[in-house]
Amino acid sequence: MPLPAFGWSFTKYGSSDLPAAAQVQEFADEASAAGALADGAGLDLQALVRDTVVAGKPGKVGHDRTCYLPYRLDRFDPAGEVLTIDTQRQSANACRQEEQEWFCADTVVVFPGAGGPLRSAVVSGGKKRRVLLAPDAPGRPARYSVLGDMRADTALMRVLTGYTEVALVKKAPGRCQLAVRDRTRLVSCSGPSTRVAGEMIRLVLAGKPITREEVDNLRLMLVADCAPGTKPSAAPDLVCSDVHMHTLYSDGEGTPVARVLQAGASFLDLVVMTDHNTLDGAKVAVAAARAAKYELPIVVGEEITRREVHLNGYPLRALVSPDMRIDSIALAVHAQGGVIQLNHPGYPDRVWAAPLLAKGIAGKPLDAWEHVPEQYEEWKAAGKLPTLTGSTDDHSGFWSDPERTIVFPAARPDGESLAAVVKAGRTVLCNASERSYLFGPDSLVNRVWSALAEGEGLRKLKAAAIRVMLANADIPGMVRASMPKRVVVK
């Protein structure tokens, strides 16, 4: 069977502690792969700013990232901004004149009032040749940009009013993004260190299992580049967790048993199972692990899913209805001793979330913020940084998003100790593909860097956790008892 014109798979070597992760995209032929590299396939286009060579292979590298900032359509400036509309995603993103080369679509609808310099830049500037349409011309594609004052187009304005994803997009200094072509493949890696990204790609291109020595080299390279001068020190209480994942009990692909076995194989110390508006999958996982004596801490949680916002509550004993007001939802979670986090802020309704994206969750009945906020540096400098949690929101079992929550529980890791450290703000978000790798309070971030610099303590800690997890585990029995469909949980 011939290869499709485009397809990709996530390549992961070693454990979740690996300080880098690579993505491999396979194309039908070398010409397609070369064209994709030129277009920046799989990476932010604005990041690919110069050519490079890795292990004798052609590539592109850049250090910019896309920022999506809160925005109101009634503040659109027709003289200096372009609005790009995606009717399929129901999104509208504005950009300033200096950013138009990266964010403007190939088709532009020109309304009266378009700024002269901006119109000139869009029509003749940059690398793209754009198609211009009059406002009344038929045949607008699913994605197009708008120049000028569109307020007279009442039909368009009525449509835009219903969009939930509206943002100002811009370039900002950020992570290294590196993509390299090897014949019909593109291998890419993102992260805070150009050296680490390049070395990770070299290891993938070699086509061999990554050795312990090579992992140590990556780890020490990462510490040297991101936290120079760090003194090595073991961290005997460090726990690596994922606080957001799904099973077939909502919109995930795997059974609860499959997910917790995959979590153990991915070197996680604790998992929070959070299907949409149900606890059943998590309860099945806990019961199966207990019956098989599989000692991976599994926390029962719920992604409380509303039209405008998704919230994770954990640990939970009883289901929390999404039909209540948000403050009532928070009270119901807190009454069970749990914590509540704002999931993927800005999705599904960026317009609703705009005040939170601009100012954070201070004064709101929320305990934590999932993922790295766009204003991380600004909020941290102002002392307004919320408690951060890292998660994969994984649906397939591959844990392809290299993000985790690192905590330092005072007791054996479980739902109660996790909730306690989240409430106390004692978490570190770790993301191998982000711009700083570690995010959170400096005192805790420095502890993690010291543990990474020392290395051996983390290895011993993980080995001890694996021995406990598998000492008496009946994995074959656990698999045999797993039901490949939903069952009623009483």
Scanning the range 241-293 residue by residue, the ones that are assigned to a loop (DSSP other than H, G, I, E, B) and either of a type in the set (Val, Ile, Thr) or outside the structural domain of residue 304 (by TED's automatic domain parsing) (or both) total 5
When the residues of the range 282-297 are filtered to those that are in contact with a strand residue (DSSP E or B) (Cβ under 8 Å, 6 or more places away or on another chain) and in contact (Cβ under 8 Å) with a residue 40 or more places away in the chain, which remaining residue is surrounded by the fewest Cβ atoms within 10 Å (Cβ to Cβ)? 283
Just to confirm my filter: which helices (runs of 4 or more DSSP H) fall fully inside the range 322-412 and include at least 1 residues that are under 20 Å from the mean Cα position of the chain (by Cα)? 350-359, 376-381
Of the numbered conditions (1) in contact with a Leu (Cβ under 6 Å, 6 or more places away or on another chain); (2) modelled with pLDDT under 90, residue 116 satisfies every one except a single condition; which is it? (1)
Filter the range 300-325 for residues that are among the aliphatic types (A, V, I, L, M), buried (at least 18 other Cβ atoms within 10 Å of the Cβ) and farther than 15 Å from residue 344 by Cβ and give the result. 300, 316, 320
Is one or more of the residues making up the range 119-134 under 20 Å from the mean Cα position of the chain (by Cα) and either within 30 Å of residue 378 (Cα to Cα) or crowded, with 20+ Cβ neighbours inside 10 Å (or both)? no
Name the residues in the range 45-57 that are on the phi < 0 side of the Ramachandran plot and surrounded by fewer than 20 Cβ atoms within 10 Å (Cβ to Cβ), would you? 45, 49, 50, 51, 52, 53, 57
Scanning the range 253-270 residue by residue, those surrounded by fewer than 23 Cβ atoms within 10 Å (Cβ to Cβ) and within 20 Å of residue 315 (Cα to Cα) turn out to be 264
Restricting attention to the range 129-166, which residues are in contact with a strand residue (DSSP E or B) (Cβ under 7 Å, 6 or more places away or on another chain), over 17 Å from residue 77 (Cα atoms) and of a type in the set (Val, Ile, Thr)? 131
State the number of residues belonging to the range 328-358 that are among the basic types (Lys, Arg) and free of Cβ contacts under 8 Å to residues at least 12 places away in the same chain. 0
For the range 294-321, which positions are under 23 Å from residue 357 (Cα atoms) and assigned to a loop (DSSP other than H, G, I, E, B)? 306, 307, 308, 309
Candidates 179, 172, 197, 227, filtered to the one that is touching a residue at least 40 places away in the same chain (Cβ under 8 Å), surrounded by fewer than 18 Cβ atoms within 10 Å (Cβ to Cβ) and closer than 30 Å to residue 68 by Cα: 172
Inspect all residues belonging to the range 443-460 and state whether any of them is over 30 Å from residue 304 (Cβ atoms) and aromatic (Phe, Trp, Tyr). yes
Let me spell it out: the conditions are (1) buried (at least 20 other Cβ atoms within 10 Å of the Cβ); (2) under 20 Å from residue 300 (Cα atoms), and residue 412 meets all of them except one. Which number is the exception? (1)
Quickly run through the range 376-385 and pick out the residues that are surrounded by fewer than 21 Cβ atoms within 10 Å (Cβ to Cβ) and without any contact (Cβ under 8 Å) to a residue 60 or more places away in the chain. 377, 378, 379, 380, 381, 382, 383, 384
Candidate set from the range 58-89 (those that are of a type in the set (S, T, N, Q) and surrounded by 15 or more Cβ atoms within 10 Å (Cβ to Cβ)); member that is nearest to residue 153 (Cα to Cα): 84
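The values are calculated or read from the model by the stated rules, or taken from the named source; none is laboratory data. Owing to the predicted nature of the structure, the values given are computational and were not obtained by experimental measurement. Positions of Cβ are backbone-derived with ideal geometry, glycine not excepted, and every protein chain shown enters the neighbour counts.
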